[in-house]
Amino acid sequence: MDWLDGVINRLFARRSSLDQSLLLYLFIGVLAVAFTTLITVSICVSWERLIIMPDFKESSYWEYLTWTPPVKSSRTIQMLELIRQYSIFLYVFLGIYIATKLFYRKRILQPIRILEKSIEQIEQGNYHQPVYYNTYDEFEKTSLGLDHLRLTLQTNQKELNKLYHDQKKVNAAFSHDLRTPLATIQNNLELLEAYFEQDCLSQEAFEKSARKIKDSITRLNSFSKTMHQLQKLEDRPLQKTLQPLSRIEEHVLDLGRLRSEKELILTKEYPRITTKYDGHLINEVVENLLNNAYRFAEKTISITITLQEQLLIIYVKDDGPGFSKKELLTATEPYYSQNKSSHFGLGLTIAEALAQKHGGNLKIANSLEGGAIVSAVFSLKD
């Protein structure tokens, strides 16, 4: 029945649902049953007339098919009549069986195997193999849904990997900084113990060691608060409200009036529009960037607010020493240096986390004219 399979494949080049496909398979099966029945009846009649009436005259095709032998005493005639009358039932059974078998194999089993293989790949964590089954039926809709699930899982896996990588960086940074205060506490306690056992602990030595231990404990408390603050950022919801974009500009000007020790230059490159955004979140990012700029600027800080399509971009530039090569790679990591001349700090870490929560990012660079430039990008899409 390869010819039937080929005919059906050509017919299914057009779009069809499963119920339409089944009807088409059955319809072709009925045509095949009718055709084979006519051939079988024609052969039986030919043999019967050849046996009984070898010199019969030509007649119409219908009369030929409906012709009945006048004598049925011959066993051969009886066998041919039996085949002639009951072959249609056999052909109907075979036609339905073959049509449904082809339908199941082509339109049910094949997509199920494809979906099973795709599900197996997803279970193994392989989200790079697309789920594709293009037949315009219900299974195609299922494959599209499964492919959407694959893409969702792939995105979630990337986010989890990023969170895991970020958490490792945070843990490594804190482990690095925790070693120093812990070592200081341990060394000074051992020193006090040694002095006490030798009965030579002076007031000056005691106060010096106690001050170092106290400073180290203060640093440990600071690290603990920082970790808590970073955890709160993860749980902070994004609350977009409809408001004028100019409120960000007003907040920047208010901050500039509060800190008049250095000149703040504001440049606006956006139309007067009202849109949805989280004003408190963006203002917090601006405050962190300005605090960092005020810390390192010599005289002037420039801030530019621009709008590109549905992205709000805020540039903060200072005329300070700029970022070192190392800081350009690690400035937004939560690495807490006690070196006040460094651009490292929690402010950029918080600013980056908040910008990403608003669908954007944070980038740092050095200006060709000298000084550091930090750009915060926020998505204004609903």
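The values are calculated or read from the model by the stated rules, or taken from the named source; none is laboratory data. If you're wondering where the values come from, they're calculated on a predicted model, not measured in any experiment. Using ideal geometry, Cβ is built from the backbone for each residue, glycine included, and neighbour counts are taken over all protein chains shown. Note: areas computed on protein heavy atoms with side chains; ligands, DNA, RNA excluded. Shrake-Rupley method; radii C 1.70, N 1.55, O 1.52, S 1.80 Å.
Annotations
- Screening Lys212 on (1) open to solvent by 70 Å² or more (accessible area, probe 1.4 Å); (2) at pLDDT 80 or above; (3) under 23 Å from the mean Cα position of the chain (by Cα) shows it passes everything except condition (3).
- So Asn126, is it open to solvent by less than 60 Å² (accessible area, probe 1.4 Å), of a type outside the set (A, V, I, L, M), modelled with pLDDT of 80 or more and closer than 30 Å to Ser216 by Cα: no
- None of Leu354, Leu346 is at pLDDT below 90, over 28 Å from the mean Cα position of the chain (by Cα) and among the hydrophobic types (A, V, I, L, M, F, W, C) except Leu346.
- Taking the stretch 281-321 as the range and being more than 12 Å from Phe378 (Cβ to Cβ), within 36 Å of the chain's Cα centre (by Cα) and assigned to a strand (DSSP E or B) as the test, the residues that pass are Ile303, Thr304, Tyr315, Val316, Lys317.
- Residue within the stretch 58-65 that is modelled with pLDDT under 70, over 44 Å from the mean Cα position of the chain (by Cα) and surrounded by 13 or more Cβ atoms within 10 Å (Cβ to Cβ) present: yes
- Between Leu149, Leu102, Leu144, the distinction of being without any contact (Cβ under 8 Å) to a residue 24 or more places away in the chain, surrounded by 14 or more Cβ atoms within 10 Å (Cβ to Cβ) and not aromatic (Phe, Trp, Tyr) belongs to Leu144 only.
- Search result, residues across the stretch 357-374 that are of a type in the set (Gly, Ala, Ser), more than 25 Å from Pro237 (Cβ to Cβ) and crowded, with 17+ Cβ neighbours inside 10 Å: Gly371, Ala372
- Filter result for Phe378 (at pLDDT 90 or above and of a type outside the set (Asp, Glu)): yes
- Single residue of Thr275, Thr300 found to be polar (S, T, N, Q) and more than 21 Å from Ile373 (Cβ to Cβ): Thr275
- Those residues of the stretch 215-253 which are modelled with pLDDT of 80 or more and basic (Lys, Arg), in sequence order: Lys240, Arg247
- Residue that is nearest to Ile282 (Cα to Cα), among those in the stretch 237-268 that are touching a helix residue (DSSP H, G or I) at 6+ places or on another chain (Cβ under 7 Å) and in a loop (DSSP other than H, G, I, E, B): Leu238
- Boolean, Glu123 is within 30 Å of Asn161 (Cβ to Cβ) and of a type outside the set (Val, Ile, Thr): yes
- Flag for Ile8 being open to solvent by less than 70 Å² (accessible area, probe 1.4 Å) and at pLDDT below 65: yes
- Of the criteria (1) within 20 Å of Leu26 (Cα to Cα); (2) at pLDDT 80 or above, which one Glu138 fails: (2)
- If you go through the stretch 241-290 and keep only what is open to solvent by less than 60 Å² (accessible area, probe 1.4 Å) and in contact (Cβ under 8 Å) with a residue 60 or more places away in the chain, you end up with Leu245, Ile248, Thr275, Tyr277, Asp278, Leu281, Ile282, Glu284, Val285, Val286, Asn288, Leu289.
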